[in-house]
Amino acid sequence: MAVNAFHNLGPVRAGALVGVVLAGGEGRRMGPGTPKPLRLLAGKPMVAHVVERLAPQVMDLVVVANDPASELRALGVPVIPDPIDVQRQARREGRRLGPLAGILAGMEWSLEHHPHSGWIVTAPADVPLLPLDLTVRLCGHMHVPEPEVLVVRHGRRREHTLGVWSVTLAADLRRAVLEEGVRRVEDFARRRRFAELVWPGGRAGAFLNVNTPDDLSRAERQVRSDRRARARSRFRQP
C-alpha cells in the first residue's frame, strides 16, 4: 500500500510501542517569544500536531518538557520533565543537556508505566507533519537480530531523534549522559546496535523540521493543502 493511501485512511498502529514527544528544544532560530513547540500552526500549538499524529500509532504517549506550560497540560497526555539528577547536571553545566536527556526520561517513564513494552518511539515536537504510518514502517524494518536503535533517513538527512529505541538501553544511556558527558544523540546511538530506515518516499514535507518562521509558514501551507485534499477525497466518495 502506498504512503499516500495511509494518509487517506488515517494513522496505523504497530505493536506495543510507547510514544515519546521531545518538546525541550530552545528554538533560538524562531526568535524571541513563545517557545517553539507552542508556536501556533493552523490554530493550535505545533506540538499538538505531533501528539495527534503519533498518539493513534502507539499504545501510550508522553511529552517530555522541562517547562510544563499550561498549553502542554491541555494536550491531554502526561507531561514529564527530564530526570531530577539530569536537571541538576544541567544546572551545574549552565545549559540544557539536549534530546538524549529527553530520550532517557521517556525510557524511564515507559519502564515504570509499561514494563512489558520493550520499545519507545521518539519524535521531536518540531516535526508536525509526521507520516501516519511511521510506526508500522519502523516496526516492519526490525529484523532479527533486532537493532537497539532504529532511526529514519529521508533523502540525505538522518533524523536521530525520530526512531525506535530499546528501553534496555536506559542504564547505559544514564551513564552516558551523567558520567561520560555524551550529548549528541548520534554519538550514543552509534555505540549500540544501530540501523536506519530509508523512508520510501511519499508525501513531500512529511519530515519538515520547523526551525524558523519561514519553516512555520511552509508547514502552514502544507496543512492547508492537506485539508483541501481530504475535503476533495470526502467529496468524491459515494
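Listing for the model above:
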| quantity | calculated |
| --- | --- |
| Matching option when the condition is aliphatic (A, V, I, L, M) and either modelled with pLDDT under 95 or under 17 Å from Leu208 (Cβ atoms) (or both), among Val167, Val121, Val127 | Val127 |
| Segment 59-88: number of residues that are in contact with an Asp or Glu (Cβ under 9 Å, 6 or more places away or on another chain) and either closer than 12 Å to Arg183 by Cα or of a type in the set (S, T, N, Q) (or both) | 1 |
| Subset of segment 105-134 [among the β-branched types (Val, Ile, Thr) and under 23 Å from Leu38 (Cα atoms)] | Val121, Thr122, Val127 |
| Failed criterion for Glu112 (all others in (1) farther than 17 Å from Val210 by Cβ; (2) under 11 Å from the mean Cα position of the chain (by Cα) hold) | (2) |
| Qualifying residue in segment 180-187 (condition: closer than 30 Å to Arg92 by Cβ and of a type in the set (Lys, Arg)) | yes |
| 1 or more residues among the basic types (Lys, Arg): qualifying strands (runs of 3 or more DSSP E) within segment 144-233 | 149-154, 157-166 |
| Hits in segment 130-164 - residues which are at pLDDT below 90 and among the small types (Gly, Ala, Ser) | Gly140, Gly155 |
| Boolean, Glu186 is of a type outside the set (Lys, Arg), surrounded by fewer than 21 Cβ atoms within 10 Å (Cβ to Cβ), more than 30 Å from Thr34 (Cβ to Cβ) and free of Cβ contacts under 8 Å to residues at least 60 places away in the same chain | no |
| Flag if Val177 is touching a strand residue (DSSP E or B) at 6+ places or on another chain (Cβ under 7 Å), of a type outside the set (S, T, N, Q) and surrounded by 20 or more Cβ atoms within 10 Å (Cβ to Cβ) | no |
| Top-ranked residue in segment 115-139 [being assigned to a strand (DSSP E or B) and within 15 Å of Glu159 (Cα to Cα); ranked as nearest to the chain's Cα centre (by Cα)] | Ala123 |
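Condition check ((1) surrounded by 15 or more Cβ atoms within 10 Å (Cβ to Cβ); (2) part of a helix (DSSP H, G or I)) across all residues:
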{"site": "Val47", "(1), (2)": "yes, yes"}
{"site": "Val50", "(1), (2)": "yes, yes"}
{"site": "Arg53", "(1), (2)": "yes, yes"}
{"site": "Val62", "(1), (2)": "yes, no"}
{"site": "Leu75", "(1), (2)": "yes, no"}
{"site": "Arg88", "(1), (2)": "no, yes"}
{"site": "Arg92", "(1), (2)": "no, yes"}
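The values are calculated or read from the model by the stated rules, or taken from the named source; none is laboratory data. What you are looking at is a predicted structure, and each value in this text was computed from that prediction instead of being measured. In this analysis, Cβ positions are derived from the backbone assuming ideal geometry, glycine residues included, and neighbour counts consider all displayed protein chains.
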